[in-house]
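Undergrad: First, the structure itself, so that you have it in front of you.
Only the coordinates and a few stated rules stand behind these numbers; no lab work does. Keep in mind the model is a prediction, meaning the values are calculated, not measured.
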Amino acid sequence: FPAPYYFYEEEEKSLKKKDKFIKEIEKLEIPLETEAFKSFFDGVWEEYNLLGKVSGDTNTKNIESFKKKFISLIDATEMEKSVKNEAQNYVSFFMLKNDDNELSREIQNIKKAIEELRSETRQLENNLDYFSNTSNDNPLFQDVTSRLNDLNAEIDNHKEKLVGLRKFKREIEARDTISSEENETQSEEENTTEE
């Protein structure tokens, strides 16, 4: 067989293995503590990557499918809410760590979502002004108040995710800076020894 055909065939086999693996994710029992979860996820991710290489958009879609399946598995657990959020963020950040553009896009998307939620919150708060003389028993008042509470919780959730993403981005930038400084130092040392 010509080389491109063989490559395609190998990639197709890898894709089938990875798709099957993703379908099996829902059967996994994940740890309920943060550190144990991180180790568990790292192991599952490593196992997934050992199934072979897939390239291009197919790989991107496959990884996104893996992430969604894992996050839905986290949602279905009995984890405490804070641990659940941390686990979901860990999965999301882990997938973004090698793509600076995707990380920046994700930060922008979260900022945009927060702004949209704040706008909706302001609108509902303005609507509450019309209820100043009515009782708290008014169903419409209760509905608006309930929606406001939900929106504020959603905003807090997005803020938490944004803080985590920004921290993650700083860590990556610091790691890259250290790495490039080490490369410069090594390059300077090599130039010095050559002279």
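Undergrad: If you fit an axis through the alpha-carbon atoms of helix 34-49 and take the longest principal axis of the Cα set of the chain, what angle between them do you get, 0 to 90°, nearest 10?
TA: 50
Undergrad: Which distance in Å, rounded to a whole number, links the C-alpha centroids of the stretch 73-114 and the stretch 13-31?
TA: Spelled out, the Cα-based centre of one part sits 20 Å from the other.
Undergrad: Then there's this: Given all pairs of different Cα atoms, what value in angstroms does the Kirkwood hydrodynamic radius of the chain take?
TA: Kirkwood radius, the chain: 20.7 Å.
Undergrad: Who wins for biggest fluctuation among E80, E173, E182 in a Gaussian network model of the chain, springs between alpha carbons below 10 Å?
TA: In this elastic network of the chain, the residue with the biggest mean-square fluctuation among E80, E173, E182 is E182.
Undergrad: Next up: In Å, what Kirkwood hydrodynamic radius results for the stretch 1-85 from the alpha-carbon pair distances?
TA: This gives a value of 14.1 Å.
Undergrad: What whole-number value in cubic angstrom gives the convex hull volume per residue for the C-alpha atoms of the stretch 25-75?
TA: 74
Undergrad: Okay, moving on. Please report, to two decimal places, log10 I(q)/I(0) for the stretch 60-116 at q = 0.15, 0.22 Å⁻¹ as given by the Debye formula with identical point scatterers on the Cα atoms and no solvent.
TA: -0.51, -0.97
Undergrad: For the chain, set up a GNM with springs between Cα atoms under 10 Å and report which of K67, K20, K38 has the largest fluctuation.
TA: K20
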